[in-house]
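See structure below.
The values are calculated or read from the model by the stated rules, or taken from the named source; none is laboratory data. Note that the coordinates shown come from a computational prediction; the quantities given were computed from them, not determined experimentally. All Cβ positions, glycine included, derive from the backbone under ideal geometry; neighbour counts span all protein chains shown.
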Amino acid sequence: MGHWWYRNIVEPGKLPLLLALASFVLSFLVTRTITRLIRAGHGPFRNIDTGGTHVHHVVPGIVLMVVGGFGAVSSGTSGWASGISAVLFGIGAGLVLDEFALVLYLHDVYWSDRGRQSVEAVVLTASLGGMLLLGFLPFGVNSVGSGEQQDRASAALTVVVNLLFSVVALVKGKARLAVLGVLVPLIALFGAVRLARPGSFWWERFYRRRPRTRHRAARRAARHDARWAGPRRRLQDFLGGTPDQ
């Protein structure tokens, strides 16, 4: 176990990433537990108000992210300073993304249906962090062979093509596949070749005069949502609490 820890975590310089990821997940879980207790009126916790202004926890989260980020940049990838910076950054990121929907809509939608997007952002970020920890590299660089790595043109072409897949998936309205496809190009390719979701830029721009394609895309999106919307909502409610009706 010690040899595996050194070979896969310490030696490649992944310890700060592990600390940041663990702090991020723990920060989110603790924050959601406290906010759910406040919502239920249990425990000693209360909202923080100063001068009649409710201070959201995204505020200290931003401060911790700034301190941890600058600390990480200046301390390198080893030593106690990098570890502390990673922990501060992870805690701050957990606090900020727990109120991602508030930042997105500039309105307190924490316990509304829109607030589910905060939980989704946290799950997506934790997934990306876990994949980076396991050794995935952006835009398929880890799939480039040693010979191709020496050929800068081949490596650059691989990065550009995989980035293009992610961009196409994004404009087709498949944000989750686009983000995960940054690390796993096949996921982005899957999102890029499939029909666009209704309301996306690709749908509005390229399906405008193709009613049959619009109809097929709408039916496929409806089937997908009918199959996965329920389980996704139950997972979000389990992690973040049920929104107000």
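What the table below lists for this structure:
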{"read-out": "Selection within the range 201-217 - in a helix (DSSP H, G or I) and surrounded by fewer than 16 Cβ atoms within 10 Å (Cβ to Cβ)", "value": "F201, E204, R205, F206, P211, R212, T213, H215, R216"}
{"read-out": "Failed condition for G130, given (1) buried (at least 17 other Cβ atoms within 10 Å of the Cβ); (2) under 30 Å from L186 (Cβ atoms); (3) of a type outside the set (A, V, I, L, M, F, W, C)", "value": "(1)"}
{"read-out": "Set F238, F190: member being without any contact (Cβ under 8 Å) to a residue 24 or more places away in the chain, over 30 Å from D108 (Cα atoms) and either in a loop (DSSP other than H, G, I, E, B) or of a type in the set (F, W, Y) (or both)", "value": "F190"}
{"read-out": "Extreme residue, farthest from V182 (Cα to Cα), among residues of the range 104-126 that are among the small types (G, A, S) and either without any contact (Cβ under 8 Å) to a residue 40 or more places away in the chain or surrounded by 20 or more Cβ atoms within 10 Å (Cβ to Cβ) (or both)", "value": "G115"}
{"read-out": "Residue match in the range 168-175 (condition: within 24 Å of R219 (Cα to Cα), of a type in the set (A, V, I, L, M, F, W, C), in a loop (DSSP other than H, G, I, E, B) and modelled with pLDDT of 85 or more)", "value": "no"}
{"read-out": "Search result, residues across the range 78-128 that are charged (D, E, K, R) and either assigned to a helix (DSSP H, G or I) or more than 16 Å from V30 (Cα to Cα) (or both)", "value": "D98, D108, D113, R114, R116, E120"}
{"read-out": "The lone exception for L164 - which of (1) more than 23 Å from L133 (Cβ to Cβ); (2) outside any helix (DSSP H, G or I) it fails", "value": "(2)"}
{"read-out": "Lone unmet requirement of (1) under 11 Å from the mean Cα position of the chain (by Cα); (2) surrounded by 17 or more Cβ atoms within 10 Å (Cβ to Cβ) for A101", "value": "(1)"}
{"read-out": "Hey, V109 at pLDDT below 75 and more than 25 Å from A86 (Cα to Cα) or not", "value": "no"}
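This table checks each residue for (1) of a type outside the set (K, R); (2) surrounded by 14 or more Cβ atoms within 10 Å (Cβ to Cβ); (3) within 21 Å of the chain's Cα centre (by Cα); (4) modelled with pLDDT of 85 or more.
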{"residue": "V25", "(1), (2), (3), (4)": "yes, yes, yes, yes"}
{"residue": "M65", "(1), (2), (3), (4)": "yes, yes, yes, yes"}
{"residue": "G69", "(1), (2), (3), (4)": "yes, yes, yes, yes"}
{"residue": "S78", "(1), (2), (3), (4)": "yes, no, no, no"}
{"residue": "S82", "(1), (2), (3), (4)": "yes, yes, no, yes"}
{"residue": "S85", "(1), (2), (3), (4)": "yes, yes, yes, yes"}
{"residue": "F89", "(1), (2), (3), (4)": "yes, yes, yes, yes"}
{"residue": "G92", "(1), (2), (3), (4)": "yes, yes, yes, yes"}
{"residue": "V96", "(1), (2), (3), (4)": "yes, yes, yes, yes"}
